[in-house]
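To start, the structure under review is shown below, and the notes come after it.
The values are calculated or read from the model by the stated rules, or taken from the named source; none is laboratory data. A quick note: this is a predicted structure, and the numbers were derived from the prediction, not measured. Cβ: placed from backbone, ideal geometry, glycine included. Neighbour counts: every protein chain shown. These area figures cover heavy atoms from the full protein model, side chains too; ligands, DNA and RNA do not enter into them. Shrake-Rupley method; radii C 1.70, N 1.55, O 1.52, S 1.80 Å.
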Amino acid sequence: MLRLTRPKTATLIFSSGKMVCTGAKSEAEVQKAVKSIIKLLKAHGIDIKNEPVIEVQNIVASANLKASVDLERAAFLLENSMYEPEQFPGLIYRMQDPKVVLLIFSSGKVVCTGAKKEEEVKRAVEKIYNILKEQGVLVEEE
Amino acid sequence: RLRKWQVRARAQSSMERNLAQAVIELERLGAQLGLPKAVLDRALDIYKSALDSNLVRGRSIESVMAAAVYAACREMRLPRTLDEIALYTRAGRKDVARCYRLLLREASLKVPLPNAADFVPRIGSLLRLSGATIKRAMEIIDQARNAGLTAGKDPAGLAAAAIYIAALQNGEMRTQKEVARAAKVTEVTVRNRYKELVKKLDIKLPVSKK
DNA sequence: ACTTTACTTTAGAAAGC
DNA sequence: GCTTTAAAAAGTAAAGT
């Protein structure tokens, strides 16, 4: 299990040849990182013949709803949610459709994680925005 | 048929053994935390339902019981922070928190949201404050809630700041350090909450120093 | 008091314990 | 189940000026 950093990524390399690359901001960055790691390994006498198969496993994204959220009411109205301000300031919402988890803050900022496609992130963020709006827990400002 | 009976008996006795040890654990926790019997009874009920949902399998009786006690305290609006309870258990607060989340999800337990006002009486009595000051602190918390200043904030920190302000206004001044210690939060948190409350609720303070 | 660093929460994969 | 890796959010904490 080794660890390298290059285009701002960290990669775990296993003896099976499989790797886990984290920290990249785009799929293109992952490609670059993997290629440079392979180059590095070859330079150290480790031969890699096959081309790498890259799969995106998780996307972490942040969004801004541009409106504050009444977390207390949201926690009461949303079924798959958990809000424990004593332990974490955000409301944790488990969405089933795009199967993602959203961390919703009173500031209106949101973190979306668990998605494998960018499109799922967009869909999830638009969806909670509408859900929160319909529940009347969004306080539009600005 | 005899086999079936034996299986059932075995399962029942292991459950009884588990429950017996859980009760010992509950009594120990209850004594150390100074909890009333009603809370302990409720905690035992929660533990029993957790046992029935097989969620105690694979984890320590200690952490599940600690989580049940925490849930019972919240249900009965008797403030005890998770860290406080975890202090008396061998398992760390991370484990207790995990068991608590398990109770919420798997045992479909519904626990009311923590309210900062629930922490006021205990902090107030620790600081020997008057009933009037305690009432005033609760009013401040109500105002803060209506102004939307409580979202995401630690209830204990808010309660501490409200008490600090109320005490100042009623001439029963306590230092931020004293209030912080009683509320089990840091001075910095009391200061941050206090500043925000004074500014956003435009609370006027008597002869202030700074 | 201010700043910096760090920890809380979420998801996912890898291989081994 | 646990471990390791990264990143964001906002709150709290601790340590160093």
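Some points to look at:
- If the condition is being within 14 Å of DNA strand C (Cβ to nearest atom), open to solvent by less than 20 Å² (accessible area, probe 1.4 Å) and closer than 24 Å to A:GLU120 by Cα, then the stretch A:76-92 contributes A:TYR83, A:GLY90, A:LEU91.
- Verdict on B:ASN192 being within 16 Å of DNA strand D (Cβ to nearest atom) and either over 13 Å from B:ILE123 (Cβ atoms) or without any contact (Cβ under 8 Å) to a residue 12 or more places away in the chain (or both): yes
- Restricting B:ARG80, B:ARG105, B:ARG57 to those that are surrounded by fewer than 16 Cβ atoms within 10 Å (Cβ to Cβ) and in a loop (DSSP other than H, G, I, E, B) reduces the list to B:ARG57.
Per-residue answers, yes or no, for (1) free of Cβ contacts under 8 Å to residues at least 60 places away in the same chain; (2) open to solvent by less than 20 Å² (accessible area, probe 1.4 Å):
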residue: B:ALA38; (1), (2): yes, no
residue: B:ASP52; (1), (2): yes, no
residue: B:VAL96; (1), (2): yes, yes
residue: B:LEU109; (1), (2): no, no
residue: B:ALA116; (1), (2): yes, yes
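- Restricting B:GLN32, B:GLN6 to those that are in contact (Cβ under 8 Å) with a residue 40 or more places away in the chain and open to solvent by 50 Å² or more (accessible area, probe 1.4 Å) reduces the list to B:GLN32.
- Meets criteria (within 14 Å of another protein chain (Cβ to nearest Cβ), assigned to a helix (DSSP H, G or I) and open to solvent by less than 90 Å² (accessible area, probe 1.4 Å)) for A:GLU72: yes
- For the stretch A:98-141, taking the residues that are hydroxyl-bearing (Ser, Thr, Tyr) and more than 14 Å from chain B (Cβ to nearest Cβ), the one that is nearest to DNA strand C (Cβ to nearest atom) is identified as A:THR113.
- Taken over the stretch A:46-69, the residue count meeting the criterion of being among the acidic types (Asp, Glu) and either open to solvent by less than 70 Å² (accessible area, probe 1.4 Å) or within 10 Å of DNA strand C (Cβ to nearest atom) (or both) is 1.
- Residues satisfying the stated conditions in the stretch B:137-183, i.e. away from chain A (no Cβ under 14 Å), more than 16 Å from DNA strand C (Cβ to nearest atom), open to solvent by less than 50 Å² (accessible area, probe 1.4 Å) and of a type outside the set (Val, Ile, Thr): B:ALA137, B:ALA162, B:ALA166, B:ALA167, B:GLU172, B:ALA182
- Residue satisfying all of: in the stretch B:63-87; touching an Asp or Glu at 6+ places or on another chain (Cβ under 6 Å) and closer than 17 Å to B:VAL23 by Cα; farthest from the other protein chains (Cβ to nearest Cβ) among these: B:MET65
- Selection status of A:LYS32, free of Cβ contacts under 8 Å to residues at least 60 places away in the same chain and more than 30 Å from A:LEU103 (Cβ to Cβ): no
- Selection count where residues are of a type in the set (Val, Ile, Thr), part of a strand (DSSP E or B) and crowded, with 18+ Cβ neighbours inside 10 Å, scope the stretch A:93-121: 3
- Options A:LEU102, A:LEU91, A:LEU77; residue that is touching a residue at least 24 places away in the same chain (Cβ under 8 Å) and touching a strand residue (DSSP E or B) at 6+ places or on another chain (Cβ under 8 Å): A:LEU102
- Of the helices (runs of 4 or more DSSP H) lying entirely inside the stretch B:108-201, those containing at least 2 residues that are farther than 30 Å from B:ASN54 by Cβ and touching a Ser or Thr at 6+ places or on another chain (Cβ under 8 Å) span B:116-126, B:131-146, B:155-169.
Matching residues to (1) more than 11 Å from DNA strand D (Cβ to nearest atom); (2) in contact (Cβ under 8 Å) with a residue 12 or more places away in the chain:
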| position | (1), (2) |
| --- | --- |
| A:PRO7 | no, yes |
| A:ALA24 | no, yes |
| A:ALA43 | yes, no |
| A:VAL53 | yes, no |
| A:SER81 | yes, yes |
| A:GLN87 | no, no |
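- Selection count, the stretch A:11-44, where residues are open to solvent by less than 90 Å² (accessible area, probe 1.4 Å), closer than 19 Å to A:LYS116 by Cα and within 15 Å of DNA strand C (Cβ to nearest atom): 12
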